[in-house]
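What follows is one structure encoded as structure tokens, with my remarks underneath.
The values are calculated or read from the model by the stated rules, or taken from the named source; none is laboratory data. Since the structure is predicted, the reported quantities are computational estimates derived from the model, not experimental observations. A quick note on method: Cβ atoms are made from the backbone with ideal geometry, for glycine too, and the neighbour counts reach across all protein chains shown. Keep in mind that these areas ignore ligands, DNA and RNA; they rest on the heavy atoms of the full protein, side chains included. Shrake-Rupley method; radii C 1.70, N 1.55, O 1.52, S 1.80 Å.
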Amino acid sequence: MRPTADPPAFTLSFLDPETRPAFLALLADRLAQQITDDSARHLTRLGFRTPAICVSALMYLYRHGPSSLTDLAQAYGQQHQLVTLRIATLEEQGLAIRQPDPKDSRRRLILLTSDGQDEAERLSIHLARMTRALDGLSAQLGADLPALLQSAIDHLHRDPLSRRIDAMATK
């Protein structure tokens, strides 16, 4: 079997330089996908059972203990459906289980199994290395990439893109 070639680097070179910034979401999505794909390959190579897209949920449960889907969705600003899929994946891997909340029988709590606890402890070491690797990327770029991305999110939350566009139309 022949090894598959890496896909070509993704750029927006096919766009006019004047309109390229309008496709920032496409670039951000591509960056997120590349980090996720690279992380997934690395996690698999190291023998982790947790899929890359589920690491944040596993680590939340490890750090915060038993939590509801609502807790997880609020913590990550994600829809319940997405969190439900990630928790189902952790359950399939034998890393998490759901149990009734002893304080409220209408709620179910998600908690890590002993395998999930072990996986999270090992992942903690890996995440520290990943952080250092991404710090290196930030240094190469000459910018604190996580801070820059968070700042962009915060600014667009306070003053959404649609409002910015509308303000230009009235000038």
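Counting only helical runs of four or more DSSP H residues, what would the 222 nm mean residue ellipticity of the chain come to if each run contributes -39,500 (n - 2.57) and the total is spread over all its residues?
Theoretical 222 nm ellipticity from helices: -20000 deg cm²/dmol.
Putting +1 on Lys and Arg Cβ atoms and -1 on Asp and Glu Cβ atoms, find which of SER151, GLN81, THR19 reaches farthest to the positive end of the dipole of the chain.
The one lying farthest along the dipole's positive direction is GLN81.
As an exercise, identify the trypsin sites (Lys or Arg not before Pro) in region 72-117 lying in DSSP coil whose Cβ has no more than 16 other Cβ atoms within 10 Å.
Filter output for region 72-117: LYS103.
Measure off, as a whole percent, the carbon and sulfur share of the 1.4 Å-probe accessible area of the chain, all protein chains present.
58 percent
With +1 on the Cβ of every Lys and Arg and -1 on the Cβ of every Asp and Glu, and nothing else charged, how large is the dipole of the chain about its Cα centre, in debye rounded to the nearest 20?
180 debye
Tell me, in nm to one decimal, what length is gained between LEU134 and THR44 on full extension, where the rule is 0.36 nm per residue of separation less the Cα-Cα distance?
On the way: separation 90, 0.36 × 90 = 32.40 nm, distance 1.90 nm.
Full extension from LEU134 to THR44 adds 30.5 nm.
Excluding ligands, DNA and RNA, what is the solvent-accessible area per residue of the chain at a probe of 1.4 Å, expressed in Å²?
Values: 12320 Å² over 171 residues.
Averaged over the residues of the chain, the accessible area is 72 Å².
May I ask you to list, by number, the DSSP H helices of the chain whose Cα span along the axis is at least 24 Å and whose average Kyte-Doolittle hydropathy reaches -1.0 or more?
On the way: long enough: 24-45 (32 Å, -0.26); 114-141 (40 Å, -0.45).
Correct list, ordered by number: 24-45, 114-141.
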